[in-house]
Amino acid sequence: MFYTGEELVYYREMKAHKEMNIQTRSLKETHALAERFITELAKRGKHKRALVVGLSGNLGSGKTAFTKEVAAVLGIKDTVQSPTFILERIYKIPEKSALASTFKHLVHIDAYRLEGVGELAHLGWAEIVRDPENLIFIEWPERVAAALPKGMMKIRFTFINEHTRKIAWR
């Protein structure tokens, strides 16, 4: 099922392991989706390890735009930029954030330029993923799939047109 426009606000809460497909037609709608996403994460509570979210999709499909909106919902004031050239950016989640009791950092990794799992290790992956206070968004997760947790959350972005993106997660 696809939700558009105002319907986005009314869709039912996600059920565990069930895929949700949504079309957004503006950053405002993407922001509303980011709010729902954070609400869902808040319900999950604390973890034994970092929570890893894989962001898949072609260039320009909305992966970084969604990450920016999630950061805004979390109250991160820093300018969120694509980590394509530096590979990793770490943002401190403010203490007043809805998820501050669960997460202290939003870690944004872009694996597009990585040749494989070995290069992910150079970023300190083992330490980052071990820390339960990290919320990790990794773009192009398929490039380093062998290093990622098996049951990680996956979000797939599809470019529809200049203003519309299909976003599916499970």
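The values are calculated or read from the model by the stated rules, or taken from the named source; none is laboratory data. Computed from a prediction, not measured in an experiment: that's the story for all the values here. In this analysis, Cβ positions are derived from the backbone assuming ideal geometry, glycine residues included, and neighbour counts consider all displayed protein chains. Areas reflect the complete protein model, heavy atoms only, side chains present, ligands, DNA and RNA absent. Shrake-Rupley method; radii C 1.70, N 1.55, O 1.52, S 1.80 Å.
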Helix 63-73 sits off the longest principal axis of the Cα atoms of the chain, rounded to the nearest 10 on a 0 to 90 degree scale, by 80 degrees
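How much of the pair distance distribution for region 76-170 lies past 17 Å, counting alpha-carbon pairs only, in percent? Walk me through the numbers before you get to the answer.
Details: 2533 of 4465 pairs.
When every Cα pair of region 76-170 is considered, 57 percent fall beyond 17 Å.
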To the nearest 10 degrees, the tilt of helix 27-44 (Cα long axis) against the first principal axis of the alpha carbons of the chain is 60 degrees
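Sorted by average packing, counted as other Cβ atoms within 10 angstrom per residue and highest first, what order do 68-74, 55-61, 145-151 take? If you can, show how the numbers build up before the last one.
On the way: 68-74: 21.1, 55-61: 16.3, 145-151: 12.6.
Packing order, densest peptide first, comes out as 68-74, 55-61, 145-151.
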Links exceeding 18 Å between C-alpha atoms in this model, out of Lys63/Lys150; Lys104/Lys166; Lys63/Lys166; Lys28/Lys166, come to Lys63/Lys150; Lys104/Lys166
What part of the accessible area of the chain, given as a whole %, is carbon or sulfur when the probe is 1.4 angstrom? 52 percent
Please work out the average accessible area per residue across the chain, using the 1.4 Å probe convention, and give it in Å². 55 Å²
Of (i) 77, 36, 29; (ii) 43, 33, 31; (iii) 55, 42, 27, the label for Cα extents along the principal axes in Å derived from the coordinates: (ii)
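Which value in deg cm²/dmol, rounded to the nearest 500, describes the helix-derived mean residue ellipticity at 222 nm for the chain, given -39,500 (n - 2.57) per DSSP H run of n ≥ 4 and division by the residue count?
-7000 deg cm²/dmol
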